[in-house]
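To keep things clear, I will list the structure first and then write my remarks on it.
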Amino acid sequence: MLSTLVNIFRLKCPVCYRGELLESRPNLFFKVIRVRDRCSNCQTRLKIEPSFYYGSMYVAYALGVGLMMIITFIYWSLSSSFSVLSCFLWIVGILVVLNSYLNAWSKAIWASFFFNKLE
């Protein structure tokens, strides 16, 4: 379980945990995240069907909501006077900066639901 979480965070192949899942690494702000056709190590076909990774949008939504809740709690704990507008701007700013990472992690999580690790 822990190795699965580490490899999701590192964006590795959900089957062998060695090859790269994505064509390129995410960076801050916006970047199109594309999954490789095949793993560079075990040659597992990572694109099962054309629209397979559309389901990762649900995971990205859940990650975004979770991050929003964490940011709101931290802002509420650290501020002397809670401002909804200021908190909203912090949330939007952080989500914009981390957008490509959230999309990459959501694709890695989605793939880990459907691929089995090699023993």
Next item on the list: Please report, to one decimal in angstroms, the Kirkwood hydrodynamic radius of segment 1-49 built from all distinct Cα-Cα pairs.
Entry: 11.3
Note to self: Given the options 11, 66, 30, identify the residue whose Cα lies farthest towards the positive end of the charge dipole of the chain (+1 on Cβ of Lys, Arg; -1 on Cβ of Asp, Glu).
What the structure shows: 11
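Segment 22-57: which chymotrypsin sites (Phe, Trp or Tyr not before Pro) are DSSP loop and have at most 16 other beta-carbon atoms within 10 angstrom?
When the chymotrypsin sites (Phe, Trp or Tyr not before Pro) of segment 22-57 are filtered for loop state and at most 16 Cβ neighbours within 10 Å, 29, 30 remain.
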Notebook entry, point to check: By counting other Cβ atoms within 10 Å of each Cβ, how are 90, 76 ranked from fewest to most?
Noted result: 76, 90
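Is there a quick way to get the dipole size of segment 1-106? I mean about its Cα centre, with the Cβ of Lys and Arg at +1 and of Asp and Glu at -1; what is the value in debye to the nearest 20?
360
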Note to self: Between residue 38 and residue 88, what's the calculated FRET efficiency when r is the beta-carbon distance and R0 is 41 Å? Round to 0.05.
What the structure shows: 0.45
Check: Fewest to most neighbouring Cβ within 10 Å: what's the order for 39, 13, 87?
Finding: 87, 39, 13
Notebook entry, point to check: In terms of the Cα gyration tensor, with a ≥ b ≥ c the square roots of its eigenvalues, is the chain rounded because a/c is under 1.5, prolate because a/b exceeds b/c, or oblate?
Noted result: prolate
Check: Lone cysteines in the chain, going by a 4.7 Å Cβ-Cβ cut-off?
Finding: 87
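Here, each number is a calculation from the coordinates, and none is a lab measurement. Note that the structure is predicted; figures quoted are calculated from it, not measured. Note that each Cβ is placed from the backbone with ideal geometry, even for glycine, and that neighbours are counted across all protein chains shown.
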